[in-house]
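First the structure, in the form of structure tokens, and then the observations on it.
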Amino acid sequence: MNKKFFLGLLFPILLAANNVKAIDLYDNDQKSELYGNMNSDHKINNHRVGSESFISHFGKNSASYNTFGVKGIFKINNIFSVHGQVEEELNEHCYDIKKNTQPKNNLLFVGMKILSLGSIDYGRNYGVIHKALDYLSPISLMLNNDIHLNAKDNYMLGLGNNIINYRNKNLFSFLNGLDLNLQYQGRNKDYKVKHPNGSGWGTEITYTNKKSGIGTVFSCFQSNNFSSLIKKNNNKISKAYLIGLKYNLNKTFLSALYSHTNNLVPYMDVRNFSKISDVTNHIKLSASYNFKSGLKPSIIYSQSKSVFLSNAKNAHDKKISSASLSKYLHLITSYNLSKNTLAYVSYKLNLLKSNDFTKNNLIPTNNNDLSIGILHHFSL
């Protein structure tokens, strides 16, 4: 992200905020919130891949995953307002206390809104696929993250830099429940990530009928790709689309999604993007029920399968055209200790079978994760 350009956007907004104070607007015209999410997690088991311990995306043993942020809205007049948000992530793993843990920037954007015409913002923000996943998830994504569909700095899957959003709720006030999000991402070639991206566009459309509890979502994006991993495949386009349906009424939540991605999903050393699947299909089914007592059991089935691999080989040095990248059943039960605090027990059963492909690419197949934890949210 170009810092000079970002400061150029931030300065007039701060100036506008000062003007708001100068004309003596009341406190209800300015809203600010300091918030945080703290997840303390402890894994019961310790699994291995070969002779080496495998640390999953959420870590093992005792760890904490925390986000802290501040967001604000400044109302200039009855038509125009400006807004912004900053959020930092700080994760601590007790098994590696000697390692210095530095805060990571999650969100950093500023924007403006004009009544029913919608809002526009620029900065570091969530991609359109993440927003669709959050819409279809029965629990917080902090407790059910899927790195294949929600990896950071991997185009518009998860968090990304240099993103422009245009949002419009209720379709210019013509149709309640129909929300539109248009997204453009500039290229991040110089940004220090393992998987830089080219420029691209994306969209997310959701429709929610509160009376029936039925909601639908469609999300997609397409970007230019200049990664050396993709150029080997003679394909410079990365893209994805996702369609989903959910039912959320009478304390019952059901959802299903199907996603198709091209040149996006890593399948070896997923955090460093060592190898990329050419074409991948994803299926996810979720169900939960919220009891009056505050008890909420949830069950999630997820599967990611590569249907085209251009560079994968088996133990006999023969090409593999397709393979399953992940398949698991996630059982999680949470209990509300208070309005802002819940305790949970999570068990993730790995359904992936061991074969030449999983062994050659260090994909774990014998790890079933059992963990307990507490998730707390606060806002001031």
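Pick from the range 65-75 the residues that are more than 17 Å from the chain's Cα centre (by Cα) and surrounded by 18 or more Cβ atoms within 10 Å (Cβ to Cβ): which of them is nearest to SER116 (Cα to Cα)?
Among them, the one singled out is LYS75.
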Residue, surrounded by the most Cβ atoms within 10 Å (Cβ to Cβ), within the range 356-380, restricted to residues that are in contact (Cβ under 8 Å) with a residue 40 or more places away in the chain and part of a loop (DSSP other than H, G, I, E, B): ILE363
Residue in the range 313-321 that is of a type in the set (Ser, Thr, Tyr) and touching a residue at least 24 places away in the same chain (Cβ under 8 Å) present: no
LEU171 being without any contact (Cβ under 8 Å) to a residue 24 or more places away in the chain and either closer than 24 Å to SER212 by Cβ or over 17 Å from the mean Cα position of the chain (by Cα) (or both): yes
Members of the range 134-151 that are closer than 17 Å to GLU89 by Cα, modelled with pLDDT of 80 or more and buried (at least 20 other Cβ atoms within 10 Å of the Cβ): LEU143
Candidate set: the range 294-322, residues that are of a type in the set (A, V, I, L, M) and in a strand (DSSP E or B); chosen: the one modelled with the lowest pLDDT: VAL307
LEU325 vs. criteria modelled with pLDDT of 85 or more, in contact with a helix residue (DSSP H, G or I) (Cβ under 8 Å, 6 or more places away or on another chain), of a type outside the set (Lys, Arg) and not in a strand (DSSP E or B): no
Residue check, ILE114 surrounded by fewer than 20 Cβ atoms within 10 Å (Cβ to Cβ), free of Cβ contacts under 8 Å to residues at least 40 places away in the same chain and of a type in the set (Val, Ile, Thr): yes
Residue list for the range 319-376, filter: aromatic (Phe, Trp, Tyr) and within 23 Å of SER286 (Cα to Cα): TYR328, TYR335, TYR344, TYR347
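The values are calculated or read from the model by the stated rules, or taken from the named source; none is laboratory data. No experiment lies behind these values; they were computed from the predicted model shown. We place every Cβ from the backbone using ideal geometry, glycine too, and count neighbours over all the protein chains shown.
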